[in-house]
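The values are calculated or read from the model by the stated rules, or taken from the named source; none is laboratory data. All figures in this text were calculated on a predicted structure; none of them were measured in a lab. Because the Cβ atoms are built from the backbone with ideal geometry, glycine has one as well, and the counts that use them run over all protein chains shown.
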Amino acid sequence: MTFEQQTTIPIEIGELLPRVEQFKKEGNRLVQIGCAKVGDLFEINYSFDKDFVFQNVRITVTQDTKVPSISGIYWGAFVYENEIFDLYGITVTGINIDFKGTFYKTAVKHAFSVTTGKEDNPCLNK
Amino acid sequence: MSKQVIIPFGPQHPVLPEPIHLDLVLEDETVVDVIPSIGYVHRGLEKLVEKREYTEYVFIAERICGICSFIHSLTYVNGIEQIMKIEVPERAHYLRTIWSEYSRMHSHLLWLGLFADGMGFESVFMNAWRLREHILDDLEATTGGRVIQGVCKVGGVRRDITNEKLDEMVKGLKELERELQKLNNVFLYDKSISSRLKGVGVLNKEDAYYLGACGPTARGSGLEIDLRSTGYSAYDRINFKPVVETAGDCYARCVVRSKELFTSIDIIEQCVKKIPDGPVDVKVTGAPNGEYFSRAEQPRGEVVHYIKADGKKNLVRHRVRTPTFTNIPPLVKLLKGVELADVPVVVLTIDPCIGCAER
């Protein structure tokens with residue numbers, strides 16, 4: 001079993017577009033963009049791959065932050081960016097195909113922006 | 001410029017087992033633009049990590065998809081095992097690889113059948129699904145489940161397969177191989193199939209790469225992207241070469257899947273030759289604390305399970321990026337310029353699994 005070496009670089013939101021452009025210039029493909037709620041903040045991971053070398057850059061934002069779209073650099077990013085808005089309510093500006101909240105049809109608006117589980121439950125797997 | 005009209009395609013359509021909607025912008029009979037739309041079957045499965053302990057969640061991860069179910073559970077447990085630094089027994093790695101390839105074969109045979117049906121070849125459809133039964137029977141005999149196996153767990157697998165049974169499985173696959181060859185000949189050499197598919201829905205190599213294509217959609221455009229090459233499970237001990245075609249059209253994507261059936265048989269055969277004796281699981285205690293992007297090659301392409309944990313029984317986040325989700329932008333690209341009558345065939349060639357894509 002071989003596990004991949006993965007690097008995650010935290011960056012400021014202002015560095016996002018130049019970084020992503022650099023990844024494209026270096027010949028990386030966009031693997032995914034994903035969001036995770038951590039406390040009151042949201043981590044957005046942009047993952048890239050070239051020849052099975054996996055690299056990740058991360059911005060940490062609040063829900064009212066306006067995140068610039070990278071769909072001008074990687075055209076296919078619109079699916080991830082629309083998903084982030086629909087599930088977390090984080091606005092992504094300048095998406096090439098903006099569904100304006102209708103990409104997913106959820107019963108609860110921005111359903112992933114709240115944590116519903118019980119906190120501090122002890123792990124029973126002992 | 002002729003007048004543009006918009007034709008809605010889906011979410012219900014004879015070739016779509018699952019709902020995706022496409023607004024096709026047409027000039028005469030030619031598609032000039034496409035707006036995709038999903039969201040009909042979003043279940044929010046990822047959110048359940050907040051209510052289910054990370055060991056129980058394997059069953060939910062497996063139910064993301066009814067076809068590539070086993071590989072979803074495998075990718076999830078690989079991620080947890082990496083975070084917790086769990087040494088899984090060798091035999092379990094080989095068994096996981098064998099079941100992964102069985103899953104690939106049953107998915108590809110399902111697709112080949114549906115694809116033939118989509119083109120009007122009902123007898124080929126029935127033949128492909130008849131052969132698929134052999135694969136499902138072996139999966140059921142060894143795991144207890146035909147499509148949802150429930151055999152993967154954090155720390156190994158729940159069931160062993162005896163060495164005698166493994167030999168029997170290889171023997172059965174060798175017999176199946178002859179029948180698969182006959183089926184393959186239809187897809188590779190039948191004139192009606194090649195004239196229906198060649199030169200239709202072309203995706204060039206550069207577009208495939210930068211639009212995020214994966215799996216047979218990428219390999220049909222000349223990209224050698226196959227996550228099995230990264231060596232997860234027992235793939236680092238197996239010799240295989242990803243099937244790559246360069247034409248980038250519907251025919252190339254079909255040929256990749258057809259040929260991959262034989263690669264899977266070869267991989268299973270190698271695994272059975274090399275599998276060591278020993279335990280199939282280890283005891284796991286505690287909870288994960290850390291994060292990992294676990295990647296694997298599903299029948300439809302690269303899947304990514306992002307796992308973030310903080311040492312409690314519930315994960316902080318489980319995020320799945322499925323192959324169909326990332327194949328939507330390439331689908332938009334390859335539909336542009338095709339004739340309206342070819343749209344169903346082109347859509348089928350990415351092997352869309354929308355339940356999987358929306359989770």
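Some observations on this one:
- Of the residues making up segment A:76-96, not one is facing another protein chain (nearest Cβ under 7 Å) and more than 16 Å from the chain's Cα centre (by Cα).
- Test: B:Arg96 is over 16 Å from B:Ile307 (Cα atoms), charged (D, E, K, R), crowded, with 23+ Cβ neighbours inside 10 Å and within 17 Å of the chain's Cα centre (by Cα): yes
- Any hit, segment A:57-67, residues being in contact (Cβ under 8 Å) with a residue 24 or more places away in the chain and facing chain B (nearest Cβ under 8 Å): no
- The residues of segment B:287-309 that are over 20 Å from the mean Cα position of the chain (by Cα) and facing chain A (nearest Cβ under 9 Å), listed by number, are B:Ala287, B:Glu291, B:Tyr292, B:Lys308.
- Restricting segment B:190-229 to residues that are among the hydroxyl-bearing types (Ser, Thr, Tyr) and crowded, with 18+ Cβ neighbours inside 10 Å leaves a set whose member that is nearest to B:His93 (Cα to Cα) is B:Thr217.
- Search result, residues across segment B:172-210 that are small (Gly, Ala, Ser) and assigned to a helix (DSSP H, G or I): B:Gly172, B:Ser192, B:Ser194, B:Ser195, B:Ala208
- Hits in segment B:226-282 - residues which are assigned to a helix (DSSP H, G or I) and of a type in the set (A, V, I, L, M): B:Leu227, B:Ala252, B:Val255, B:Val256, B:Leu261, B:Ile265, B:Ile267, B:Ile268, B:Val272
- Screening B:Arg319 with (1) touching a residue at least 24 places away in the same chain (Cβ under 8 Å); (2) within 14 Å of chain A (Cβ to nearest Cβ); (3) buried (at least 24 other Cβ atoms within 10 Å of the Cβ) gives one miss only, at (3).
- Some residue of segment B:66-73 being modelled with pLDDT of 85 or more and within 13 Å of another protein chain (Cβ to nearest Cβ): no
- Boolean, B:Cys250 is surrounded by 14 or more Cβ atoms within 10 Å (Cβ to Cβ), of a type outside the set (Lys, Arg) and under 25 Å from B:Met126 (Cα atoms): yes
- When segment B:336-355 is filtered for residues that are surrounded by 19 or more Cβ atoms within 10 Å (Cβ to Cβ) and within 14 Å of chain A (Cβ to nearest Cβ), the ones remaining, listed by number, are B:Ile350, B:Pro352, B:Ile354, B:Gly355.
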